[in-house]
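Beneath this line is the structure, given in structure tokens, with notes to follow.
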């Protein structure tokens with residue numbers, strides 16, 4: 001199968017640039033030009049940017065480098081340079097998350113800075129015996145540095161305030177210059193609210209330099225850069241690395257489109273992905289869009305994913321927030337952190353974490369379609385839009401596999417690709433492939449490609465034309481008024497709006513930028529936009545409509561559109577009936593979403609395997625037509641049930657099974673236990689068919705002549721031994737026949753409803769006469785006999801014959817495939833990934 005990205009091998013990677021023209025009010029070094037650097041032969045930027053970093057020069061350095069190019073390593077080496085310099089510096093590293101603070105401390109220590117010279121702000125209040133004033137490197141959160149107390153507090157803690165003030169006073173007294181490092185700025189921009197910037201100005205007398213780093217800048221972070229550059233005499237240096245792909249280091253990317261409205265812990269598609277990876281011996285981590293899903297995967301005791309992972313690892317590391325009502329209940333060190341030595345499931349390793357496991361498979365579960373709301377998406381950790389996707393994928397730091405579970409993307413406005421740099425061939429390829437996977441649902445607005453450089457324009461237009469224009473007269477009026485001591489009324493500036501709401505606006509309004517997170521992921525995978533991974537496979541479950549009243553027509557249409565001649569030649573022609581039947585059902589239900597559609601009222605409901613008697617019986621009818629072909633001899637038709645497109649009766653099914661089971665000696669064949677049970681059950685049922693036929697009586701009185709059976713079984717109809725045989729049939733069929741076990745044909749449950757032995761026998765008797773005899777349907781029953789011996793009976797018009805085996809469906813015999821192995825292998829690889837996986841899937845269904 002040709003992958004969608006085949007025509008995009010050298011397509012340029014689009015990224016958010018930081019340009020001098022973004023800052024007309026600042027002094028941009030290098031003659032108002034940015035430094036563009038190429039990574040070294042190993043793909044890293046450390047050696048190429050160090051000559052550009054003048055340690056003792058006051059400015060703000062903006063480093064825009066791709067994921068995996070070692071920007072964090074480069075800045076840590078720069079921290080080491082400051083520590084080893086002759087001058088005395090204080091280096092403050094501001095992390096976007098508490099969860100990354102310890103990692104920064106460890107990485108700085110491993111780079112050569114003594115551990116006793118590094119202070120983890122998390123020790124505040126927990127380890128008061130440790131002094132922080134004598135340490136060269138301070139690792140804090142951006143929240144702490146800016147005095148942001150979070151959503152639910154009124155001010156940050158007194159301990160944190162004291163800590164910051166002590167550091168500032170210490171630097172002033174000791175004449176220390178302070179260097180700030182803001183890594184992953186895209187994840188901390190929301191802290192830089194106007195009211196908190198005043199806390200940064202406390203450092204105005206001691207600040208020397210800011211380092212700002214990200215692989216995925218956004219419009220809001222541009223405002224942050226301006227805030228920070230003002231503290232360094234309004235001077236900035238911009239260093240940008242080329243986006244160069246090292247294919248030897250790229251992980252294999254797999255997209256698994258899943259159209260479920262909600263992703264649950266027992267979602268069959270997700271279970272299959274995890275199971276397959278475990279069978280391949282992969283080390284697994286699962287990043288979930290929501291804490292609820294992550295918790296369910298970890299804690300649901302009936303969950304198959306939980307069971308599989310516990311069997312493999314013995315434990316699962318919970319990487320979800322420990323906060324209650326957005327705050328920690330105790331001043332204890334955080335526990336739920338990513339651990340490279342464990343299997344991790346959670347939400348808090350979307351950014352900053354480096355997964356370095358060998359033979360690793362990283363599963364990312366994105367928000368399903370059901371999370372979309374009218375005004376704001378509930379996308380969990382992916383609410384930040386496309387940067388969230390880039391950062392999540394970047395966690396994989398060594399070559400491995402990345403598997404994304406995502407909904408089918410909305411329909412695309414392919415004319416918008418004219419704004420891209422695609423060639424006509426690339427546009428055609430993208431359109432052809434995207435349509436294969438897009439959602440069938442009609443949407444209010446199509447997905448439009450939007451250049452990343454257009455984001456500022458989009459936000460500004462909304463601010464100016466939708467928000468500000470609506471109250472422009474009032475803004476102008478109030479600006480001319482002397483309002484005295486009344487509370488300030490100043491309309492927020494564009495930059496403030498962009499900082500506080502711009503990213504949220506983009507991610508919730510524009511499908512390509514985050515409203516439909518799947519659309520961007522699909523686009524980026526198809527066009528090779530990810531630095532650290534490349535698309536290698538896709539699984540999909542598109543909607544297949546089965547129209548009510550046109551079931552056979554719908555199944556034939558599905559077969560022609562999705563399976564076709566190749567499937568017929570590779571599977572149906574060379575498989576016995578049971579394998580072909582189970583393989584077709586596997587294709588239908590495992591690879592597609594089945595929708596039962598009523599054309600009259602437009603209603604639609606999703607059908608799962610074995611959940612609809614009508615659908616299951618029509619599948620039997622369809623498979624019969626594809627395998628057994630047309631029956632030319634009408635005498636071989638069994639009760640004409642094959643002529644009725646909408647029905648495949650239990651009696652017809654039983655007769656076919658009896659036909660293929662009756663001549664097998666289960667003591668002389670090398671069949672599995674489950675196959676032997678199925679065969680024995682239908683041999684026993686054949687015995688009872690003969691018994692009911694032998695119970696037919698002849699009536700001939702006063703010119704009335706016909707055959708009949710009692711309406712209810714006569715006393716002693718079943719002996720004790722025969723009743724045990726009946727119970728054995730029920731048990732055997734429940735274990736070996738999925739159609740009976742799942743009540744597609746009502747049999748065992750109907751008998752089991754009887755509260756007494758006699759009522760159970762009566763139910764079984766009625767099944768026998770319904771299925772194996774041709775009863776007169778013109779009357780429900782007739783009365784025969786004299787005054788003292790009257791009884792009600794069913795008139796019998798004939799017997800349903802056991803069909804010729806050559807003209808009936810054989811779902812009894814064990815599955816077999818007669819195709820030459822070298823020919824079936826190519827089919828199996830294309831549709832299942834490997835011949836081994838094909839056999840595993842089929843065998844699991846059979847057993």
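Mind checking whether some residue in region 121-133 is within 30 Å of residue 533 (Cα to Cα) and free of Cβ contacts under 8 Å to residues at least 60 places away in the same chain?
no
Can you name the residue in region 695-710 that is more than 23 Å from residue 761 (Cα to Cα) and outside any strand (DSSP E or B) and, of all such residues, is modelled with the lowest pLDDT? Step through it out loud before you land on a result.
We begin by selecting, within region 695-710, every residue more than 23 Å from residue 761 (Cα to Cα); these are 698-706.
Adding the requirement that they be outside any strand (DSSP E or B) leaves 702-703.
Details: 702: 71, 703: 74.
Only one residue tops the list, namely 702.
For the structure I just gave you, tell me whether residue 74 is surrounded by 22 or more Cβ atoms within 10 Å (Cβ to Cβ), modelled with pLDDT of 95 or more and either in the same structural domain as residue 216 (by TED's automatic domain parsing) or in contact with a helix residue (DSSP H, G or I) (Cβ under 6 Å, 6 or more places away or on another chain) (or both). Walk me through it before giving the result.
On the way: surrounded by 22 or more Cβ atoms within 10 Å (Cβ to Cβ): yes; modelled with pLDDT of 95 or more: yes; either in the same structural domain as residue 216 (by TED's automatic domain parsing) or in contact with a helix residue (DSSP H, G or I) (Cβ under 6 Å, 6 or more places away or on another chain) (or both): yes.
Spelling it out, residue 74 is indeed surrounded by 22 or more Cβ atoms within 10 Å (Cβ to Cβ), modelled with pLDDT of 95 or more and either in the same structural domain as residue 216 (by TED's automatic domain parsing) or in contact with a helix residue (DSSP H, G or I) (Cβ under 6 Å, 6 or more places away or on another chain) (or both).
Take the residues in region 443-482 that are in a loop (DSSP other than H, G, I, E, B) and without any contact (Cβ under 8 Å) to a residue 12 or more places away in the chain; name whichever of them is farthest from the chain's Cα centre (by Cα).
Initially, region 443-482 is screened for residues in a loop (DSSP other than H, G, I, E, B), giving 443-446, 449-451, 480-482.
Subsequent filtering for residues that are without any contact (Cβ under 8 Å) to a residue 12 or more places away in the chain retains 444, 480-482.
On the way: 444: 24, 480: 55, 481: 56, 482: 58 Å.
Out of the qualifying residues, it is 482.
For region 190-205, what are the residues that are touching a residue at least 60 places away in the same chain (Cβ under 8 Å) and either loosely packed, with under 13 Cβ neighbours inside 10 Å or assigned to a loop (DSSP other than H, G, I, E, B) (or both)?
Selection gives 192, 193.
If I filter region 338-372 down to residues being farther than 24 Å from residue 508 by Cβ and assigned to a strand (DSSP E or B), which single residue comes out as farthest from the chain's Cα centre (by Cα)?
Initial filter on region 338-372 (farther than 24 Å from residue 508 by Cβ): 338-346, 349, 352-363.
Filter again for assigned to a strand (DSSP E or B), leaving 344-346, 355, 360-363.
Numbers: 344: 16, 345: 14, 346: 14, 355: 20, 360: 18, 361: 14, 362: 12, 363: 8 Å.
Residue satisfying both the conditions and the ranking: 355.
Got a sec? Which of 156, 106, 120 is within 44 Å of the chain's Cα centre (by Cα) and over 25 Å from residue 198 (Cα atoms)? Before you say what the answer is, go through the steps one by one.
On the way: 156 fails: over 25 Å from residue 198 (Cα atoms); 120 fails: over 25 Å from residue 198 (Cα atoms).
On inspection, the qualifying residue turns out to be 106.
Can you tell me which residue in region 681-707 is surrounded by the most Cβ atoms within 10 Å (Cβ to Cβ), limited to those that are out of contact with any helix residue (DSSP H, G or I) (no Cβ under 6 Å at 6 or more places or on another chain) and farther than 20 Å from residue 798 by Cβ?
Only one residue tops the list, namely 687.
Taking only region 20-55 into account, find how many residues are assigned to a loop (DSSP other than H, G, I, E, B) and surrounded by 13 or more Cβ atoms within 10 Å (Cβ to Cβ). Walk me through how you get there before you give the answer.
At the first step, the residues of region 20-55 found to be assigned to a loop (DSSP other than H, G, I, E, B) are 23-26, 33-34, 38-45, 53-55.
Next, from what is left, pick out any that are surrounded by 13 or more Cβ atoms within 10 Å (Cβ to Cβ): 23, 26, 34, 39-40, 43-45, 53, 55.
Summing the residues that are assigned to a loop (DSSP other than H, G, I, E, B) and surrounded by 13 or more Cβ atoms within 10 Å (Cβ to Cβ) in region 20-55 gives 10.
Starting from residues that are part of a helix (DSSP H, G or I) and closer than 16 Å to residue 610 by Cβ, keep the ones in region 584-593 and report whichever is farthest from the chain's Cα centre (by Cα).
Per the stated criteria, the residue is 584.
Name the one entry in 400, 370 that is closer than 22 Å to residue 288 by Cβ, surrounded by fewer than 18 Cβ atoms within 10 Å (Cβ to Cβ) and touching a residue at least 60 places away in the same chain (Cβ under 8 Å).
Values: 400 fails: surrounded by fewer than 18 Cβ atoms within 10 Å (Cβ to Cβ).
None of the others qualify; the one that does is 370.
Which condition breaks for residue 64 when tested against (1) surrounded by fewer than 15 Cβ atoms within 10 Å (Cβ to Cβ); (2) closer than 20 Å to residue 218 by Cβ; (3) touching a residue at least 60 places away in the same chain (Cβ under 8 Å)?
With respect to (1) surrounded by fewer than 15 Cβ atoms within 10 Å (Cβ to Cβ); (2) closer than 20 Å to residue 218 by Cβ; (3) touching a residue at least 60 places away in the same chain (Cβ under 8 Å), residue 64 is out only on (1).
May I ask you to say which residue of 130, 164 is surrounded by fewer than 20 Cβ atoms within 10 Å (Cβ to Cβ) and either touching a helix residue (DSSP H, G or I) at 6+ places or on another chain (Cβ under 8 Å) or assigned to a helix (DSSP H, G or I) (or both)?
Working: 164 fails: surrounded by fewer than 20 Cβ atoms within 10 Å (Cβ to Cβ).
Result of the check over 130, 164: 130.
Take residue 124 and decide whether it is touching a helix residue (DSSP H, G or I) at 6+ places or on another chain (Cβ under 9 Å) and closer than 14 Å to residue 209 by Cα.
Numbers: touching a helix residue (DSSP H, G or I) at 6+ places or on another chain (Cβ under 9 Å): yes; closer than 14 Å to residue 209 by Cα: no.
Answer is no for this residue.
Give just the number: which of (1) surrounded by fewer than 16 Cβ atoms within 10 Å (Cβ to Cβ); (2) part of a helix (DSSP H, G or I); (3) at pLDDT 85 or above does residue 635 not satisfy?
Checking residue 635 against (1) surrounded by fewer than 16 Cβ atoms within 10 Å (Cβ to Cβ); (2) part of a helix (DSSP H, G or I); (3) at pLDDT 85 or above, the one that fails is (3).
Can you name the condition, by its number, that residue 17 falls short on among (1) crowded, with 19+ Cβ neighbours inside 10 Å; (2) in contact (Cβ under 8 Å) with a residue 60 or more places away in the chain; (3) under 27 Å from residue 535 (Cα atoms)?
Condition (1) is where residue 17 drops out.
Kindly indicate whether residue 219 is at pLDDT 95 or above and buried (at least 21 other Cβ atoms within 10 Å of the Cβ).
Yes; evaluated as a whole, the condition is true for this residue.
Out of region 108-121, which residues are in contact with a helix residue (DSSP H, G or I) (Cβ under 7 Å, 6 or more places away or on another chain) and buried (at least 19 other Cβ atoms within 10 Å of the Cβ)?
108, 113, 118, 120, 121
I need the full set of residues from region 210-238 which are part of a strand (DSSP E or B) and under 13 Å from residue 188 (Cα atoms), in order please. So that I can check it myself, show each step before the final result.
Within region 210-238, the subset part of a strand (DSSP E or B) is 210-214, 235-238.
Selection gives 212, 213, 214.
When you go through 727, 718 one by one, which is the residue that is modelled with pLDDT of 90 or more and buried (at least 17 other Cβ atoms within 10 Å of the Cβ)?
Numbers: 727 fails: buried (at least 17 other Cβ atoms within 10 Å of the Cβ).
Of 727, 718, the one residue that is modelled with pLDDT of 90 or more and buried (at least 17 other Cβ atoms within 10 Å of the Cβ) is 718.
The values are calculated or read from the model by the stated rules, or taken from the named source; none is laboratory data. The model shown is predicted, which means the values in this text are computed figures rather than measured ones. When we count neighbours, we look across all protein chains shown, and the Cβ atoms used for this are built from the backbone with ideal geometry, even at glycine.
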